[in-house]
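The values are calculated or read from the model by the stated rules, or taken from the named source; none is laboratory data. From a predicted model like this one, the values you see are computed outputs, not experimental measurements. Heads up, the Cβs are rebuilt from the backbone with ideal geometry, glycines too, and the neighbour counts pull from every protein chain shown.
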Amino acid sequence: MRVLFSARDPAAAQVAGNLYAAAQRDQRFEPYLVAASPAFGILKSQGFQILELQVSSTDSHDLIEQRVTSLIDGVAPLAIVAGSSGPDAGVDEYLVKYGSKCRTYVVQDFWGDVNLAAGEQADCYLVCDQFAADLTNKRVDAETLVVGSVKHAHFAALNVDALRSKSRALLSVHGDDFVIGYFGAPLADCPGYWRSVEALAHALSAVDAKIVYRPHPKESTEARERTADILGLAQSSVDNASEPVETLLAGCDLVVSCYSSCGIDAELMNSQESNPSRVSMFLLFDQEILEHYQAITRLPDVPISMQNRSVSVHSEKSLGNFIREFADRPTRVKFLENAKSNQSVGVLPTAAESPKRVLDKVWSDINSARQKSLAQSK
């Protein structure tokens, strides 16, 4: 069965890579993989055989339709399994729009994420948990299925203890030295973003810590330089993505962002470490940033913060206090122990089998459609 997987954003690249790798090992499938930047570069660097399709909402409708339909006709898939990217429309959304001859799926990497910028919804949304399914059902009239977090399927094989040792050696830190990672966002046009970075820089000035900045792949060179300048960082403290993001996350004690999914990744990595002390912090005190987040997600807060598994800072005045408190390793450990005891409902179910759940769903749907078509033709 020929299936086309797609990705545009970094998180979608992780989803598509995990699915494509699983489909390559599954004799039922003949998989194809297509991506746009920045996902294309990420997947290419991982050695995947990949097609490239760069389209955006700024292109003419005729050009978009011609490029996308040409790709679909050339591959001739029975199913399209797209990533979830945004907030504008790109390869994932246009494949769903013009893939009407196929059965279309979107695999979410964030709770309830539905991008209708291209004007068409998928036939089925594959989501991480029931909370995501409930949110999705409120937003689209489409089938949803809980499959687990496909993005994190490879986490089961991570040796986080070894990654932490490697990361901290690369960072030249030792023992319990406090490491703070700031993970950027492509929000250079949002004044609230720069206010948040400036507030963080002010709070960090009172803490003895190793600060590392990991830019988002979509951040411009100008935005990266501006961020490093605000944080007072030398170029050596700007992570150049020579290592997978998990390597830097493993070495951090405090993972800070406005609302990057890296914070979620870091929280999940704690379950793979023997003595975790890593806390994720989201900067949501600026009203513009909070409104931006809520407009995209239609959620009041980051779900893992709603479960007390991470910290969302809603007051700029409290930011410095939080950072100073978490500089103490026993405080971080106690926070994680309390967070674990508060997990009455798991936000993310076991992810290791999620690619197989997706592939089984696609296989079942296409075979059912075939059988129905055969029955109708008799």
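Could you please tell me which pairs satisfy a Cβ distance under 9 Å, a separation of 6+ or placement on different chains, a first residue in segment 185-198 that is among the β-branched types (Val, Ile, Thr), and a second residue that is modelled with pLDDT of 95 or more and crowded, with 18+ Cβ neighbours inside 10 Å? From residues that are among the β-branched types (Val, Ile, Thr), the pairs are Val197/Tyr182; Val197/Gly184; Val197/Thr227; Val197/Leu231; Val197/Cys258; Val197/Leu283. Would you check if Leu163 is in contact with a helix residue (DSSP H, G or I) (Cβ under 6 Å, 6 or more places away or on another chain), aliphatic (A, V, I, L, M) and within 21 Å of Asp253 (Cα to Cα)? Criteria met by Leu163. Pick from segment 147-159 the residues that are surrounded by fewer than 17 Cβ atoms within 10 Å (Cβ to Cβ) and of a type in the set (A, V, I, L, M, F, W, C): which of them is farthest from the chain's Cα centre (by Cα)? Result: Ala157. The residues on offer are Val3, Val15, Val55, and the sole one that is buried (at least 22 other Cβ atoms within 10 Å of the Cβ) and either free of Cβ contacts under 8 Å to residues at least 12 places away in the same chain or part of a loop (DSSP other than H, G, I, E, B) (or both) is Val55.
Applying the condition of being in contact (Cβ under 8 Å) with a residue 24 or more places away in the chain and part of a loop (DSSP other than H, G, I, E, B) to segment 124-147 and asking which residue is farthest from Ser354 (Cα to Cα) yields Val140.
The condition (being within 21 Å of the chain's Cα centre (by Cα), aromatic (Phe, Trp, Tyr) and more than 18 Å from Glu219 (Cβ to Cβ)) is satisfied by just one residue among Phe5, Phe40, Phe29: Phe5.
Which one is surrounded by the most Cβ atoms within 10 Å (Cβ to Cβ) among residues in segment 314-333 that are under 27 Å from the mean Cα position of the chain (by Cα) and among the β-branched types (Val, Ile, Thr)? Here the residue is Ile323. Restricting segment 254-302 to residues that are aromatic (Phe, Trp, Tyr) and under 16 Å from Pro87 (Cβ atoms), the residue that is surrounded by the fewest Cβ atoms within 10 Å (Cβ to Cβ) is Tyr293.
Among the residues of segment 18-51, those that are closer than 19 Å to Leu78 by Cα and part of a helix (DSSP H, G or I) comprise Leu19, Tyr20, Ala21, Ala22, Ala23, Gln24.
Residues of segment 84-106 that are out of contact with any Phe, Trp or Tyr (no Cβ under 8 Å at 6 or more places or on another chain), within 17 Å of Ala16 (Cα to Cα) and not charged (D, E, K, R): Ser85, Gly86, Gly90, Val91, Tyr94, Leu95, Val96, Thr104.
Contact annotation: residue pairs with Cβ atoms under 8 Å, 6 or more positions apart or on different chains, pairing a residue in segment 96-122 that is closer than 21 Å to Leu71 by Cβ and part of a loop (DSSP other than H, G, I, E, B) with a partner that is of a type in the set (Phe, Trp, Tyr) and at pLDDT 95 or above, are Ala118/Tyr94; Ala122/Tyr105. The single condition among (1) in contact with a Leu (Cβ under 8 Å, 6 or more places away or on another chain); (2) within 21 Å of Ser271 (Cα to Cα); (3) modelled with pLDDT of 95 or more that Asp328 does not meet is (1). Only one of the numbered conditions (1) closer than 30 Å to Lys101 by Cβ; (2) assigned to a loop (DSSP other than H, G, I, E, B); (3) of a type in the set (Asp, Glu) is not met by Asp360, and that is (2). When you scan segment 61-68, do you find a residue that is touching a strand residue (DSSP E or B) at 6+ places or on another chain (Cβ under 7 Å), of a type in the set (A, V, I, L, M, F, W, C) and buried (at least 16 other Cβ atoms within 10 Å of the Cβ), even just one? No. Candidates in segment 69-93 are the residues that are outside any loop (DSSP other than H, G, I, E, B) and closer than 27 Å to Cys128 by Cβ; of these, the one that is farthest from the chain's Cα centre (by Cα) is Ala79. Looking at Ala185, Ala209, Ala203, Ala169, just one residue is among the small types (Gly, Ala, Ser) and within 24 Å of the chain's Cα centre (by Cα), and that residue is Ala185.
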